[in-house]
Structures are given as structure tokens and as C-alpha cells.
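The values are calculated or read from the model by the stated rules, or taken from the named source; none is laboratory data. This one's a predicted model, so the numbers in the text were calculated from it and none came from an experiment. Backbone-built Cβ (ideal geometry, glycine too); neighbour counts: all protein chains shown. Heads up: the accessible areas ignore ligands, DNA and RNA and are worked out on the full protein's heavy atoms, side chains in. Shrake-Rupley method; radii C 1.70, N 1.55, O 1.52, S 1.80 Å.
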Amino acid sequence: MLTTDLVRVRRRDGRISASPLREAERKRLLAVADAYAAAAQAGVGRTRGEFEAACDDVPSAATDYKLVKGLRKLVRDRCTFEVRDGVEAPAVRRAVFARAAEARRALKDDAAFDRDAVIGAAAARLELAADAVQSALFADLKANHVLTTFDAIGGPALLEAYEVAQQQAILLRAVRVVITFRQPDPGGFRLFFRRLKFHRLLYAAARQPDGACRVEIDGPFSLFQSVTTYGLQLAMLLPVLPSCGPGWELAADIRWGSDRQPLEFHLEGGAAAQAGDDDFRLPDEVARLRDQFDRMRTPWRVAVAHDLLDLPGVGLCVPDLVFTHEASGRRVHLEALGYWSREAVWRRVDLVEAGLPQPIVFAVSRRLRVSEEVLAEDLPGRLYVYKGVMSARAVEELLDASLTSARRLRPR
């Protein structure tokens, strides 16, 4: 992903937009993009320093400096660099430096220091070949990391990725993002909310009277901490939007530059793109909770939730898990609130008090200083306040209490 210093933007009449590539620029940069991708592909198995040197040799126009630097950043992001397997550079250095110190102490005034002899002696101690010691000596330095894999991409696709990356970089400075889906596609819409949940973004969603769906997402500049991480996760939503149906609109409040100038950012979608394969993964803490339940002896079965709990006129709730009681068939959802603020928790409380149609447990970190007693026992929602990691046993107790409450409240 691009950093904000690599983005070309236009600011006019209180709005900000990413400068698209002009046709002449696109023609010039296509050769550069192809060359960078080829350098990465050929560099698999070689060092990072060799890859960077190959990129340095790619000719480009001086006026394209920022564009070329951005393309190179995107190619580098698709590379995986690792320390060479089986190499413990600190241990090798200790052995070599210890042997060098011994050799220098024993060195006579008129004798020359024999570097090769030191390497050979250290290699004998380590039971390695001398050339292996030589290559391992500074293998942990960044320039000596090995390019192990490259997520291949062609020049035209890299230029398209650059255009999207510019827009993503602008969202890194967002205070608030509002996305309106005029004709939501069911498959793409589910994918959008799965990504929204996986990245633990703070959001409120509601159906509009005309059938559209409005999703308001807190931006990274609305937070007091984790701004960089949160901003990157917000930007990861952008490539999903074209698969969510035609006619979507994005409006964001941006704070740009060192003076954090307030600006508006707008994007619109045209015809819907086909949703790609969704390699959906649960957030780590939710996956751990599910795995704990799978190993427990309990009457509750757990599964990934695919429901959107819709309370017309109030909002949407997107749970992470759904628990089904084997004997009664009763279902209880669970939503884990990740980067959430106290205000976001109160939004969920308001949903429950307004009449959310399905029972649900909201898992909230203790650091948000919210009491489990906020929701009354006669409501279909419960708060589970946890410290550190979620406990499957504690969640099971809340599920059992929900079942008991349902029996007590059932009309006679």
C-alpha cells in the first residue's frame, strides 16, 4: 500500500481527489512496471540488496520520480523477504569475532592479520564450510534477506493497483467514512461485511427507506491510538466495493497534510464487478473462542454467523458467531467488539433496547470500562466483559442464562 507521501492529490473547493495517471504517463510507466515485476520474479532466491540493485537499473523519467517510487513500493509489498534458512547470524558472528580477538592477541608486531585463517578457524568450530560462514556472517541484515516468494503481477495490473492504492492512501487520513449501497448485491455485500468484521472496524449500518444500506465507519483520525494499523485495515475495504452492487457511493471526511486541512473525498461505483473468492477468516480472538467450544462438552453448537440482524429504522448488526442449543434449537449470536470505543458499545445497547429481534451476546474488552449490568435481564442482549482473551466457559454461562431467560419470559 502507498504511504501518503507517495500520493499525488488535487485539492480544490474543499475537496481532495487522487490524480489519475495521464495517458502519456501510463505509456511511460508501463515499461517500468513490467521491469520491476520482472526483477522481483527473477530475484526469487536472491538477496534483497540484489533485487533493489536490479530495480535501480530500471530507466525512468526524472519527472516520474514519485510515480516510480510508488510502483516500486507496491512491487516490494508483494515480495516476502526472510533470513536464509538454517542461518544463525548472531551465533556465527560471536564465533568469528571471538576467534578474531584471539588471533589479534597472538599477533606479532610485524605480522599481518589473516582474515581467511580466522574465518577458517571459526568454520571448523561451527562445523561449517568457510564460504557458508562468510555468507552467514551478516545474513540477518535487511539487505541480505532472501526474496523467498513474489506474488506475481503484470505491468498493466500493477498500474491499476497503483490507482486504487492512491485512493486507499487518502483514506489513511479519514475521520469518518460513509458508504451508501443503492443496489446491494447479496454475495458482494456479505463479503464486504466479512471484511469489515475481520478488520475490526468501528461502524454503524442501517437500511434506508428506499432500500439502500448506509454504513458509517469511524476513520483512523477519530481514534486516540492504533491509528496506523486501523487506517490500513480501513483502506483494505476499498477493493471490495465494486463487487457490492452498482451505484455505491463513498464520502469521507479527510484531514490532509501536516496542518490536517479538513477536506472531503468522494468515490462512486458504476457497474458491479463479480465478487472474488472469499478466503474468509475469523479474527484471531473469535477463532480461538470457536475452537475452545469445539473441544468442550456442551449442548451448544457453534458456527460462523452469516446473518445480518436488521432492525428497521434503527440499524444493522453483523454477528461473528451463532450458537445453537441442541435440545431446544434456540439460537444466540455473538459479536466481538474489537477496536471499539465506549460510544460504539452504546450503539449496540441502543439496538438491543430498541427491540433487536434475535438474542445476542456482545463481547467487550474490560479496557472500555463498561459494566455487564448495562443491559437488563429481560432484554434479548447480554454484555460479556472480558480481560485478555475470551473464555468459552464464561460465554457458555451467558448462553445458558439466555436460554433460562427465554423460558421465564415466554408468554403463558
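Using the structure shown, list the pairs from K27/K69; K66/K197; K27/K66; K197/K387 with a Cα-Cα distance above 26 Å, or answer none.
Numbers: K27/K69 16 Å; K66/K197 34 Å; K27/K66 16 Å; K197/K387 20 Å.
Exceeds cut-off: K66/K197.
The tail of the calculated P(r) for the stretch 8-122 beyond 25 Å holds 54 percent of all Cα-Cα pairs. For K108, the aspartates and glutamates whose Cα falls under 19 Å of its own Cα, not counting residues fewer than eight places away in the same chain, are D116. Highest average first, the peptides 127-134, 229-236, 115-122 ordered by how many other beta carbon atoms sit within 10 Å of their residues are 229-236, 115-122, 127-134. Summarising the strand pairing of the chain, around 80 percent of its internal DSSP beta bridges are antiparallel.
Calculate the all-directions average of the projected area of the stretch 144-264's alpha-carbon convex hull, and give it in nm². The partial results should precede the final answer.
Numbers: hull surface 41.1 nm².
Its average projected convex-hull area is 10.3 nm².
Taking G154, G14, G86 as the candidate residues, the one with maximal mean-square fluctuation in a Gaussian network model of the chain, Cα springs under 10 Å, is G86.
By the Kirkwood approach, averaging reciprocal distances over each pair of separate Cα atoms, the chain gets a hydrodynamic radius of 25.5 Å.
Helix-derived [θ] at 222 nm for the chain: sum -39500 (n - 2.57) over DSSP H runs of at least 4, divide by residue count, nearest 500?
Details: 12 runs with 160 residues, N = 412.
Mean residue ellipticity, 222 nm, calculated: -12500 deg cm²/dmol.
Expressed as a whole percent, the accessible area of the stretch 102-157 that falls on carbon and sulfur atoms is 54 (1.4 Å probe). Pick out, in residue order, every one of the chymotrypsin sites (Phe, Trp or Tyr not before Pro) in the stretch 82-179 that is DSSP loop and has at most 16 other C-beta atoms within 10 Å; say none if there are none. Answer by residue number: F113, F138. What the Cβ-Cβ distance of L30 and L141 gives, at R0 = 41 Å and to the nearest 0.05, is a FRET efficiency of 0.75.
Would you mind calculating the relative contact order of the chain from Cα pairs under 8 angstrom and at least 6 residues apart, reporting the percent as a whole number?
Details: 672 pairs, mean separation 53.1, N = 412.
This gives 13 percent for the chain.
Highest GNM mean-square fluctuation among R295, R26, R11, for the chain modelled with Cα contacts below 10 Å: R295.
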